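Structure first, then comments.
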Amino acid sequence: MADNNDSLASDPVTDATSLTRRTRVRRTPAARPKVAKPAVPVAKKTAAVASGSQMTVGERAAKQLRSLAVLGIVGGLVGVTALPAFAGVIQPGEAPVTLQQMAAEDAQSVVVASDATGAELTRDSYSATTSEEIQKKKAAEAAKKAAAERARLAAQASAAQTGYNVDLSMVAPGSGAVRWPLADFTLTDGYGTRGGAHRGIDMVAPGGTPIYAAAAGVVNVSSEGYYDYGVTITIDHVINGQKVTTLYAHQTYGSRQVVSGQRVEVGQLIGLVGSTGRSTANHLHFEVFVNGSNVNPLTWLQANAG
């Protein structure tokens, strides 16, 4: 029995008596043999690459769609903001809006409207302002003066041919704004004679007697054959705020010293007594119109001439 005990005491410690103290020996596992992976067919690799490419294109398309959506939203906001400003224009069925109403609704806008109507312009309604117009007016005035000078020279030559020796620089006697058209005459037929048909006075004087302008004014008619009056001159005046027209008829042919449109001064020599037209003797038939109405020339001269 003892022998058996000793052998037991000398034996190494078994696992049953000291499990914690036992040293675990690590064993390196045996390397597993590598198993070759099956080869992937080329067709599958190509499909995989293509699949990756398709995903990339899709992502790009998605980005573009997102950009278009953002632009659409911004455009919609702009349209919604701008539509009220044009609501009065694009809404059908509404009554027309006047310019004044539009200006009242939008105080920041300026709308100009006028009730003035168009008027036809004539050359008499405005004066020349350009250099070309001024030159034309000057040329027209110079032409009138030249015509008047030619008429004066022609009358002087005609008077010389008829044997009349007249000083064409003569002026009517007196100093007033109105003067007698003849310095010496004999009154025959008066105003209103011949049953009221005689509208002037007949001032008898020798042929070639100077005839003077009764007042300053502008020549209207200067004719060698004015109806039954024969050689006749009419002059328009403004006297005491009234429009006055004087008429000098039956003058000698070629004796006129003025032309239409010419300005004359009071007492200026305008022609010579004659017997042209419906006349039987040398005399001056003289008429006066005040504001368009025929008046008695003798009464008018007596009241105004001086």
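Which of the numbered conditions does Ala155 fail, given that it passes all the others? Conditions: (1) modelled with pLDDT under 85; (2) surrounded by fewer than 16 Cβ atoms within 10 Å (Cβ to Cβ).
(2)
Out of all the residues in the stretch 186-199, is one or more crowded, with 21+ Cβ neighbours inside 10 Å and either of a type outside the set (Gly, Ala, Ser) or more than 16 Å from Leu298 (Cα to Cα) (or both)?
Restricting attention to the stretch 186-199, the residues satisfying the condition of being crowded, with 21+ Cβ neighbours inside 10 Å are none.
No: zero hits.
Of the residues that sit in the stretch 250-290 and are part of a loop (DSSP other than H, G, I, E, B) and at positive phi, which one is surrounded by the fewest Cβ atoms within 10 Å (Cβ to Cβ)?
Step one: of the stretch 250-290, the residues part of a loop (DSSP other than H, G, I, E, B) are 252-262, 265-267, 275-282.
Of the ones still in play, those that are also at positive phi are 254, 261, 267, 277.
Values: Gly254: 20, Gly261: 15, Gly267: 23, Gly277: 17.
Ranking the candidates gives Gly261 first.
Look through the stretch 123-138, keep the residues that are outside any helix (DSSP H, G or I) and polar (S, T, N, Q), and return whichever of them is modelled with the lowest pLDDT.
Filtering the stretch 123-138 for residues that are outside any helix (DSSP H, G or I) and polar (S, T, N, Q), the one modelled with the lowest pLDDT comes out as Ser127.
Can you tell me how many residues in the stretch 238-291 are under 19 Å from Leu182 (Cα atoms) and among the basic types (Lys, Arg)?
So the count comes out to 1.
The values are calculated or read from the model by the stated rules, or taken from the named source; none is laboratory data. Everything quoted here is computed from the prediction, not taken from an experiment. Note that we place each Cβ from the backbone using ideal geometry, even for glycine, and neighbour counts take in every protein chain shown.
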